[in-house]
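> This is the structure I want to talk about, given as structure tokens.
The values are calculated or read from the model by the stated rules, or taken from the named source; none is laboratory data. Every value quoted in this text rests on a predicted model; they were computed, and no experiment measured them. Please note: Cβ atoms are built from the backbone with ideal geometry, for glycine as well, and neighbour counts cover all protein chains shown.
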Amino acid sequence: MAADLKQLEKLAKLVRYFILVSSTEAGSGHPTSSLSATDLTTALFFGGFLKYDLKNPENKNNDRVIFSKGHASPLFYSLYAAAGDIDENELKTMRKFGSRLEGHPTMKFPHTVAATGSLGQGLSVGVGIALNNKNLEKNDAKVYVLMGDSEAAEGSVWEAAEIASYYKLNNLVAILDVNRLGQRGETMYGHRTEVYEDRFKAFGWETYVVDGHDITEIVKILKQVQDDKTEAPKIIIAKTLKGKGVFFIEDKDGWHGKALKPEEMEKALKELGEVDKSLRGEIEKPGIMKNEEGIMQEKHNSSFTIQTSYKKNELVATRKAYGNVLVKLVEQNPDVVVLDAETSNSTMAESVKKTHPEKFFEMFIAEQNMVGTALGFSRAGKIPFVSTFSAFFSRAFDQIRMSQYSDGNIKFVGSHCGVSIGEDGASQMGLEDIAMFRTLLDSVVFYPSDAVSTEKLVKVAAECKGNVYIRTTRADTPVLYSNDEDFKIGGSKTHRIKNLESGIKDSKIVVIGAGITLHEALDAQKKLGEEGTGITVVDLYSIKPVDQETLTGLAKEAKAFITIEDHFPEGGIGEAVRSALAETDIKIHSLAVRKMPMSGKPEELLSYEEIDSEAIIDLVNKILKIH
């Protein structure tokens with residue numbers, strides 16, 4: 001479909017009309033940031049470049065458009081109104097309670113690829129989708145990412161830029177709207193488009209600089225990008241004016257995030273001139289693309305069958321078991337992909353790198369981009385497993401947080417958690433990770449204690465829809481469970497001394513641990529039993545959701561609970577148990593990492609932080625003296 005320049009100019013005027021009407025009706029929003037990118041996106045949508053089936057947003061052959069500058073949502077919705085997918089009445093519900101047209105794009109609107117608004121993340125999401133299209137689906141669909149110049153200050157943008165070049169993502173096209181003005185004044189480089197051009201060139205991108213309001217030139221550039229056969233990703237760097245089309249706000253500071261008042265809108269519409277409100281643009285549909293085998297790929301079943309073959313008391317690190325089960329998942333379902341931040345020989349994700357390298361994506365030490373890329377894979381229908389040291393997920397918490405608003409289906413795996421990693425010291429010890437992932441809406445948090453439970457819980461994670469965090473342990477730990485043991489979301493395992501011998505008295509004290517501290521609790525159980533005192537130990541492998549039914553049942557008969565965790569007390573296992581038992585009268589004591597961590601041997605650190613078996617024994621004896 002050849003671009004009709006006069007038609008595009010009329011459509012751009014219509015889009016500007018929709019932007020002004022919808023934002024003024026809302027009484028808030030970002031019309032000026034929308035007006036600056038109107039000509040660019042109108043040419044992309046209706047100039048024959050974008051290939052997208054409006055009636056089938058999930059068509060895997062669709063090109064994707066990601067508004068990384070999500071505050072330009074009036075433009076986003078107005079483009080679909082100009083395409084005939086939204087009427088003007090619905091546009092006027094923008095930003096109102098219950099409307100699917102929210103202040104920043106969310107998944108309520110079917111054409112949203114990923115929720116945006118926290119700047120600097122859209123390019124990473126685009127990288128994930130582009131990797132999926134090029135390396136896995138092997139189709140020709142492109143990914144377009146609209147970015148603002150302000151967000152180019154975010155490090156995650158450059159993390160995405162370097163990995164896109166590394167993977168030769170020639171199907172990824174960024175559009176940088178250089179409108180000069182940020183929220184509170186001029187951006188770092190104003191209208192100096194040559195600075196952005198030099199930087200993206202240095203990262204290995206093909207660059208195109210254009211006047212962002214010259215429809216004729218924009219169409220020429222889009223055609224050049226379309227015809228570019230180099231293996232590099234592409235970026236269109238467009239000099240634009242914030243508020244373009246409305247003279248009294250055009251290129252003026254102080255208008256960011258500010259809607260026009262009704263009387264101002266009337267003035268703006270007069271300036272805009274005659275608008276053909278009946279005009280609608282056409283978005284070209286994608287062709288039927290096929291994979292290498294010449295057939296369309298089918299949606300794969302997300303159920304798995306995992307056979308474990310460990311021997312009880314065999315010493316196996318849970319991170320090693322994670323590596324073992326990953327291979328099984330990849331072999332059963334082509335939708336499983338694995339990403340790692342240059343730690344795969346420690347997280348053991350390298351198992352897939354060695355056996356199925358086409359399903360392994362090295363993200364290097366750039367955790368923010370790794371999580372954003374994983375979200376892209378997730379939005380493309382894949383099941384991404386993302387691994388690094390648990391401490392380093394904190395660097396990407398904003399990307400993790402935003403993934404929940406995009407219906408993320410990401411499986412995060414953090415190894416080397418807690419003081420039990422030993423000599424590496426505090427900077428490497430994940431002590432906040434449980435709290436971090438527990439805060440996510442509807443998230444699942446697992447902390448397996450042995451190889452069997454690890455494999456079974458990784459399988460459960462792969463099968464469930466949504467974000468899951470799995471905490472793995474560095475050290476070898478003994479296998480506790482038989483290979484036919486069952487594990488589930490919201491479950492736990494209770495360990496009692498069977499057939500209490502004469503002289504062993506049940507203390508009615510319940511000790512709750514997970515991961516490394518479960519083994520300390522079981523060691524304490526054994527030692528206390530030898531002294532004539534019995535305790536019940538709970539493996540709280542599902543920290544969120546917690547097994548409230550089992551805990552409540554135990555609380556009815558217990559004198560006290562003790563939680564023990566290799567994690568800071570805030571947001572950890574202790575608080576999860578307290579929340580679950582808030583309506584009971586049970587006394588809950590918590591052992592957690594409360595002193596500044598340091599280097600040392602794991603056993604020294606567990607003792608120093610008072611989260612080892614001896615600390616449990618001391619606390620049990622103190623409780624018994626009181627009672």
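> With the condition kept exactly as written, say whether any residue in segment 530-551 is in contact (Cβ under 8 Å) with a residue 60 or more places away in the chain, in contact with a His (Cβ under 8 Å, 6 or more places away or on another chain) and not acidic (Asp, Glu).
no
> Follow-up question, since we're still on this one. Which residue pairs have Cβ atoms under 8 Å apart, sit 6 or more places apart or on different chains, and have a first residue in segment 112-139 that is within 18 Å of GLU58 (Cα to Cα) and at pLDDT below 95 and a second that is crowded, with 21+ Cβ neighbours inside 10 Å and of a type in the set (Val, Ile, Thr)?
Partner pairs satisfying both residue conditions: none exist.
Residues are listed down the side, and each one gets a yes or a no for (1) assigned to a loop (DSSP other than H, G, I, E, B); (2) closer than 20 Å to THR38 by Cα; (3) of a type outside the set (S, T, N, Q):
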position	(1), (2), (3)
MET188	yes, no, yes
ILE236	no, yes, yes
ASP253	yes, yes, yes
HIS256	yes, yes, yes
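> So, PRO74, is that one crowded, with 24+ Cβ neighbours inside 10 Å, touching a helix residue (DSSP H, G or I) at 6+ places or on another chain (Cβ under 8 Å) and assigned to a helix (DSSP H, G or I) or not?
So PRO74 passes the test.
> Please go through segment 588-627 and give me each residue that is in a loop (DSSP other than H, G, I, E, B), on the phi < 0 side of the Ramachandran plot, touching a residue at least 40 places away in the same chain (Cβ under 8 Å) and not polar (S, T, N, Q), ordered by number.
Answer for segment 588-627, where residues must be in a loop (DSSP other than H, G, I, E, B), on the phi < 0 side of the Ramachandran plot, touching a residue at least 40 places away in the same chain (Cβ under 8 Å) and not polar (S, T, N, Q): VAL593, MET596, PRO597, MET598, LYS601, GLU609, ILE611, ASP612, HIS627.
> Just to check your reading of the model, which residue among MET188, MET147, MET107 is closer than 13 Å to GLY70 by Cβ, surrounded by fewer than 24 Cβ atoms within 10 Å (Cβ to Cβ) and either acidic (Asp, Glu) or not assigned by TED's automatic domain parsing to the domain that holds ARG379 (or both)?
The match here is MET107.
> State all residues of segment 27-40 that are under 30 Å from the mean Cα position of the chain (by Cα) and either crowded, with 23+ Cβ neighbours inside 10 Å or among the hydrophobic types (A, V, I, L, M, F, W, C) (or both); if no residue qualifies, say none.
GLY29, HIS30, PRO31, THR32, SER33, SER34, LEU35, SER36, ALA37, THR38, LEU40
This table checks each residue for (1) outside the structural domain of ARG64 (by TED's automatic domain parsing); (2) among the charged types (D, E, K, R); (3) at pLDDT 95 or above; (4) more than 24 Å from VAL546 (Cβ to Cβ).
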| site | (1), (2), (3), (4) |
| --- | --- |
| PRO357 | yes, no, yes, yes |
| PHE392 | yes, no, yes, yes |
| ARG395 | yes, yes, yes, yes |
| CYS417 | yes, no, yes, no |
| GLY425 | yes, no, yes, yes |
| GLN428 | yes, no, yes, yes |
| ASP433 | yes, yes, yes, no |
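> Considering segment 158-170 alone, what residues qualify as being buried (at least 24 other Cβ atoms within 10 Å of the Cβ) and closer than 19 Å to LYS138 by Cα?
Listed by number, the residues that qualify are ILE163, ALA164, LEU169.
> Has segment 369-386 got at least one residue that is surrounded by fewer than 20 Cβ atoms within 10 Å (Cβ to Cβ) and either over 17 Å from GLY126 (Cβ atoms) or free of Cβ contacts under 8 Å to residues at least 12 places away in the same chain (or both)?
Scanning segment 369-386, I find no residue that is surrounded by fewer than 20 Cβ atoms within 10 Å (Cβ to Cβ) and either over 17 Å from GLY126 (Cβ atoms) or free of Cβ contacts under 8 Å to residues at least 12 places away in the same chain (or both), so the answer is no.
> With respect to the numbered conditions (1) surrounded by fewer than 24 Cβ atoms within 10 Å (Cβ to Cβ); (2) among the hydrophobic types (A, V, I, L, M, F, W, C); (3) touching a strand residue (DSSP E or B) at 6+ places or on another chain (Cβ under 9 Å), which one is the sole condition not fulfilled by VAL195?
So VAL195 meets the others, but not (3).
> A further question on this structure: PHE248 versus (1) more than 26 Å from VAL157 (Cβ to Cβ); (2) in a helix (DSSP H, G or I): which is the lone unmet condition?
(2)
> Applying the selection to segment 332-347, what residues are within 22 Å of PHE392 (Cβ to Cβ) and either over 21 Å from the mean Cα position of the chain (by Cα) or in a helix (DSSP H, G or I) (or both)?
Scanning segment 332-347 gives SER344, ASN345, SER346, THR347.
> Among LYS252, LYS220, LYS229, LYS239, which is the only one that is at pLDDT 95 or above and more than 22 Å from LEU5 (Cα to Cα)?
Unique residue meeting the criteria: LYS252.
> Just to check your reading of the model, which residue among ILE410, ILE365 is at pLDDT 95 or above and crowded, with 24+ Cβ neighbours inside 10 Å?
ILE410
> So SER482 clears everything in (1) touching a Gly at 6+ places or on another chain (Cβ under 9 Å); (2) polar (S, T, N, Q); (3) farther than 20 Å from THR563 by Cβ except one condition, right? Which one?
(1)
> When you scan segment 51-66, do you find a residue that is part of a helix (DSSP H, G or I) and either over 17 Å from GLY212 (Cα atoms) or of a type in the set (S, T, N, Q) (or both), even just one?
Looking for residues that are part of a helix (DSSP H, G or I) and either over 17 Å from GLY212 (Cα atoms) or of a type in the set (S, T, N, Q) (or both), one finds none in segment 51-66, hence no.
> Can you tell me which residues in segment 77-96 are of a type in the set (A, V, I, L, M, F, W, C) and either surrounded by fewer than 24 Cβ atoms within 10 Å (Cβ to Cβ) or part of a helix (DSSP H, G or I) (or both)?
Those that are of a type in the set (A, V, I, L, M, F, W, C) and either surrounded by fewer than 24 Cβ atoms within 10 Å (Cβ to Cβ) or part of a helix (DSSP H, G or I) (or both): LEU79, ALA81, ALA82, ALA83, ILE86, LEU91.
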